[in-house]
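Every read-out reported here was derived from the displayed coordinates using simple, explicitly stated rules and does not represent laboratory data. Here the structure is a predicted model, which is why all the values come from computation and not from measurement. Using ideal geometry, Cβ is built from the backbone for each residue, glycine included, and neighbour counts are taken over all protein chains shown.
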Amino acid sequence: MAIINKINTRSMLVKRGILDTSAPNCPICLVEEEMVDHLFIHCYKHWLIWSKIINWCGLAWCCPRNLANLFSQWDSLVYEKFQKKAWVMLFFFVAWSMWLLRNDVIFKQKIPNYDTLFFLIVTWLCLWLKAIEPDFPYSSSDLLRFAEGLIRWTNSQTLRTGVMWSPPMTNRFKWNVDGSSIEKPGPSRIGGVLRNHHGILLGIFSLLVGILDSNVAELRAVVKAIELSASNCFLHHKYIIIESDSANVISWMNNLHNRPWIHHKLFSSA
């Protein structure tokens, strides 16, 4: 409704004769007339929230003319299907939070706390994302520390494609590992195969790992390959490659800041 200018701001209520003509100002900044575009983007206090969101995501852009323009440009800032869905949800969480804050200021005389508001927005977003994507591995605490997980995460099950095995370089070894789950989460199994540069099979493992989601199962497979390599004297001081088809696990292993805190014990053991 705000996008099409159909909410009862103070300016609108004055025009309808519900409020006195002396009371059209924004209850947040107390300076400008409270119209839709002022309340949601041009109020210098409310703009703090948009700035926090943009900085959190590592983006930079100029303030649009009105809320409708902001919404039309919003999902162009991200590209993947999951990210576009999350980004639109984030827009509405911010707008709705601003409206609730405005009402609390008017009717409950609350003092705005934008750090708390930012925390609530990210928490709500995380809960909704987990509802629509049960494999989404990040907690609200993870997302509050960095938005990289939100921006880079993909549902690895939709990205897996068949590939030809490629041997490692001479005198090197390669683990090919995999983890799979039935349902989200569900009974899970991990496995791995170790070969040398000739393609000769040197080792193999396969075991059940309990009730997990597919990302954690894949991570457990990587950790198991590391543990087996470390426990075998023959592989000490050798160059070992671990190959996984999970974009999420590869991202976690290569980037410390991408790792979900909930799995910190697994990363520590690796």
Greater than 32 Å apart at Cα, pairs in 52/110; 6/85; 15/45; 45/84; 6/184: 6/184
Tilt relative to the chain, helix 114-132 - C-alpha long axis, 0 to 90 degrees, to 10: 50 degrees
Whole-Å semi-axes of the range 10-132's equivalent ellipsoid (Cα gyration tensor): 28, 16, 13
Computed over the range 162-269, Cα set: Rg, Dmax in Å: 14.0, 40
Residue 205-residue 84 FRET efficiency (beta carbon distance; Förster radius 30 Å; 0.05 resolution): 0.20
For peptides 6-12, 136-142, sequence by mean Cβ density within 10 Å, most packed first: 136-142, 6-12
Amide H contacts of residue 243 (H built 1.01 Å from N, under 5 Å, at least 5 apart or other chain): 175, 176, 177
Linear extension gain, residue 228 paired with residue 69, 0.36 nm per residue minus alpha-carbon span: 51.7 nm
Isotropic mean projected area of the C-alpha convex hull, the chain (nm²): 17.9 nm²
Where GluC sites (Glu not before Pro) fall in DSSP loop in the range 20-120, at most 16 other Cβ within 10 Å: 32, 80
Difference of contour (0.36 nm per residue) and Cα-Cα distance, residue 262 to residue 59: 70.4 nm
Neighbour-count ranking [beta-carbon atoms within 10 angstrom, fewest first] of 63, 57, 26: 63, 57, 26
Fully extended contour minus Cα-Cα distance, from residue 18 to residue 115, at 0.36 nm per residue: 31.6 nm
Fewest-first ranking of 197, 46, 257, using other Cβ atoms within 10 Å as the exposure measure: 257, 197, 46
